[in-house]
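Everything on this sheet refers to the single structure shown next.
Read the figures in this text as sums done on the coordinates, not as results from a lab. It should be emphasised that the depicted structure is a prediction, and the values quoted were computed from it without experimental measurement. For neighbour counting, all protein chains shown are included, and Cβ atoms are generated from backbone atoms with ideal geometry for every residue, glycine included.
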């Protein structure tokens, strides 16, 4: 008797029924084909499947995964450089480690609009997960560039930044002490300033603005010749404003009485001048040196971690996250 072979469609039907856990007898009744024929065809097909090697990824797929991995590492380097730049107004509570930790979450937040996530728990869980992934990629970047990129400038940046934070705290303390000394020379002057400006924390407001102004002058190398840090401008509400010198929109305090505005402005400029005198021997000088170290470290890292430098290095090396 001539052996009967199943057509492709018949074999597919048998395979489907067997995968649905049908018995050979039930399949025979369903298809009208002899049990011996369908069982022989199924066993042959199953034997062929067991002898096949697992599918290997196509070369094109591997290269695409490799390209995406390289692009991710280059993006990590870009994010790092973008976020270690010298800020216009530094947070005095954020040390180098805090800034580095927040680099990844800041970049993630730009990619994950709040309205795209169901709730805060989902949002926080996603951020934590992606932050972990970013840190793994940063470790991967260091692995690829070991011995080829000098990472010491990042350590210099971290050390100098922490010194800056300590010195900015000291600057605040010196500023507050001198302001209180000057205001204390005139009876009830500070009380009058708080009352007329409507700011009960006038001293702290002035200290914070002095820090920002002097930091700006240090980072923009504007300390070689002395000039006032604040001035008086007439405001639209008929008040007198003590503002940043040359930046009338940056109002520090508003006064109804002009004499209080001028007295406050005079004292702020005296304190700033005192802080800047002999700056190469005092806290302003220390900050100037530290900012110079930070700027130099950023320049070196920017050159070492540019896309043109990194891409060939990564392409010729491997890490644990590289596609097979």
Practice problem: For n ≥ 4 DSSP H runs only, could you compute -39500 (n - 2.57) per run for the chain, divide by its residues and tell me the 222 nm figure to the nearest 500? | Solution: -22500 deg cm²/dmol
Exercise. Compute the acute angle (0 to 90°) between the alpha-carbon long axis of helix 152-184 and the principal axis of greatest extent of the alpha-carbon atoms of the chain; round to the nearest 10°.
Key: 30 degrees
Exercise. Using the number of other C-beta atoms within 10 angstrom as an exposure proxy, rank 15, 284, 165 with the fewest first.
Key: 15, 165, 284
Quiz item: By counting other Cβ atoms within 10 Å of each Cβ, how are 103, 206, 70 ranked from fewest to most?
Solution: 70, 103, 206
Practice problem: Could you tell me how many degrees, from 0 to 90 and to the nearest 10, lie between the Cα long axis of helix 8-19 and the main elongation axis, the longest principal axis, of the Cα atoms of the chain? | Solution: 70 degrees
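Order these by the 10 Å Cβ neighbour count, fewest first: 277, 190.
On the way: 277 11, 190 17.
Result, fewest neighbours first: 277, 190.
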Quiz item: To the nearest 10 degrees, how steep is helix 59-83 against the longest Cα principal axis of the chain, on a 0 to 90 scale?
Solution: 10 degrees
Quiz item: So what is the relative contact order for region 161-287, in percent, with contacts set as C-alpha pairs under 8 Å and at least six apart?
Solution: 27 percent
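Quick check on the chain: what are the equivalent-ellipsoid semi-axes from the Cα gyration tensor, as sqrt(5λ), descending, whole Å?
For the chain, the semi-axes come out at 72, 26, 14 Å.
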